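So the structure is just underneath, and the comments pick up after that.
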Amino acid sequence: MSEAQLQRVLRLFKSLANASRLRVLGILATGERSVDELAALLDLRPPTVSHHLALLRELGLVSMRAEGNVHFYRLDEDALRALSRDVLGPERVASFADTVEAEAWERKVLRDFFEGERLKEIPASRNKRAVILKRLAHEFHPGTRYRETDVNDVLKRHHADPATLRRELVGAGLLERAQSVYWRPLPHPDAD
């Protein structure tokens, strides 16, 4: 889940984390009501009810129709179903933790294989090696050209076998090479 999507879900939950707003939704689930009716049922002042309704309308959960000077509100059941599917579906809830799990695992791999700046060993596991290579690639500025000897000097600070690391970085697409000149590719504009 992207950060923007996560922020949208947080706004939704913050808006719904209010007993009065939940009661408004509960009442509207039984039928259409005016602000005055809701205020009387909830023992709230009409401006307070209007405030809650404005937030619920902003979320798209409540719709309004005017009849003369009176505004009637109702629960938008389709929006509620869509919200349930889009935000509370099992796959979506699991995606709340996607980046957390990946970042925690990457931190563990880095802790396990690095002692300070020194790489203890090159991991045999492809997934662990990818984490290490990603970390090493950040030693190089995107788009900057490096001679092979410069790449070796940087990698020697981390491990005694810079040639293997250099080949692995090129093989993973984290460094590119042409005639003994290396560079880290510029990030793709669509990348997160």
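The values are calculated or read from the model by the stated rules, or taken from the named source; none is laboratory data. Everything quoted here is computed from the prediction, not taken from an experiment. Note that each Cβ is placed from the backbone with ideal geometry, even for glycine, and that neighbours are counted across all protein chains shown.
Here are a few things to note about the model shown:
- Candidates in the stretch 65-85 are the residues that are surrounded by 14 or more Cβ atoms within 10 Å (Cβ to Cβ) and not aromatic (F, W, Y); of these, the one that is farthest from L10 (Cα to Cα) is H71.
- Residues that are under 18 Å from E77 (Cα atoms) number at least 3 in the following helices (runs of 4 or more DSSP H) confined to the stretch 3-52: 3-16, 19-30.
- Flag for R8 being at pLDDT 95 or above, out of contact with any helix residue (DSSP H, G or I) (no Cβ under 6 Å at 6 or more places or on another chain) and in the same structural domain as D76 (by TED's automatic domain parsing): no
- Screening K108 on (1) within 22 Å of the chain's Cα centre (by Cα); (2) modelled with pLDDT under 90 shows it passes everything except condition (2).
- Qualifying positions in the stretch 125-160 - among the charged types (D, E, K, R) and surrounded by 14 or more Cβ atoms within 10 Å (Cβ to Cβ): K128, R129, K134, R135, E139, E148, D150
- Each residue in the stretch 161-192 was checked for being surrounded by 12 or more Cβ atoms within 10 Å (Cβ to Cβ), over 23 Å from V109 (Cβ atoms) and in contact with a Lys or Arg (Cβ under 7 Å, 6 or more places away or on another chain), and 2 pass.
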